[in-house]
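Data first, discussion second: the structure below is written as structure tokens.
The values are calculated or read from the model by the stated rules, or taken from the named source; none is laboratory data. Treat the numbers as computed from the prediction; the structure is a model and nothing was measured. Backbone-built Cβ (ideal geometry, glycine too); neighbour counts: all protein chains shown. For the accessible areas, the whole protein counts, side chains as well, though only heavy atoms, and no ligand, DNA or RNA atoms are used. Shrake-Rupley method; radii C 1.70, N 1.55, O 1.52, S 1.80 Å.
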Amino acid sequence: MTNVFVISDHHFGHTNIIDFESRPFSDANEMTETMIEKWNAVVAKDDKVFHLGDFSFLNKEKTASIVSRLNGYKYLILGNHDRGRSRRWWLDVGFDEVSEQAIVYNGFYFLSHEPMYMNKHMPYVNIHGHIHGQKYEGKQYINVSVEQWDYTPVSFEYIKAMVVPNEEQ
């Protein structure tokens, strides 16, 4: 069975993010190695991962090296720091699919980099990144920035259970 995961905002190679977000790493290399280990500890080769943007600040060769070490089928939704590079660039470094826009997953979940406007009457859930250590109130927003999930991709099944309690599934 293929599992599906979501995660965002790794900021590989971005040394300043360690201070900006109080990440528990001594340097960018430790951050990279730890985040790769945490990814591969939960994601199997046949699993699918939606990365919701701001993946890497590194050059093409170094970014490709990281992507090649990560398990799973990797789908990137471009974040604000990714958009300076073309969709082709991201495919060339090893992502299996790349979207420049938010996507609807399972007809109910908006997967986006930045949080999307959701009024309380909308029957959807927005799974997003971008705001790192912050959280929006309510069950309509789920922040999957690495800071929220101990730098580990979170399973879509876990998110579904958060949104729809067992008795309603």
field: Pairs with Cβ under 8 Å, 6+ apart, first in the range 136-162 and within 24 Å of L78 (Cβ to Cβ) and touching a residue at least 12 places away in the same chain (Cβ under 8 Å), second small (G, A, S) and open to solvent by 40 Å² or more (accessible area, probe 1.4 Å)
entry: S145/G133; E147/G133; Q148/G133; T152/A41
- prompt: Hey, any hits in the range 144-162 for a residue that's open to solvent by 50 Å² or more (accessible area, probe 1.4 Å), on the phi < 0 side of the Ramachandran plot and either in contact with a helix residue (DSSP H, G or I) (Cβ under 7 Å, 6 or more places away or on another chain) or assigned to a loop (DSSP other than H, G, I, E, B) (or both)?
  reply: yes
- line: Taking first residues from the range 69-90 that are closer than 17 Å to K48 by Cβ and second residues anywhere that are of a type in the set (F, W, Y) and outside any loop (DSSP other than H, G, I, E, B), the pairs with Cβ under 6 Å that are 6 or more apart or on different chains are L70/W39; Y75/F50; L76/W90
task: Would you check which residues across the range 4-52 are within 27 Å of E100 (Cα to Cα), part of a loop (DSSP other than H, G, I, E, B) and more than 15 Å from the chain's Cα centre (by Cα) and list them?
output: G13, H14, T15, N16, E21, A44, K45, D46
Selected residue (criterion: nearest to F55 (Cα to Cα)) from residues of the range 2-27 that are touching a strand residue (DSSP E or B) at 6+ places or on another chain (Cβ under 7 Å) and of a type in the set (F, W, Y): F12
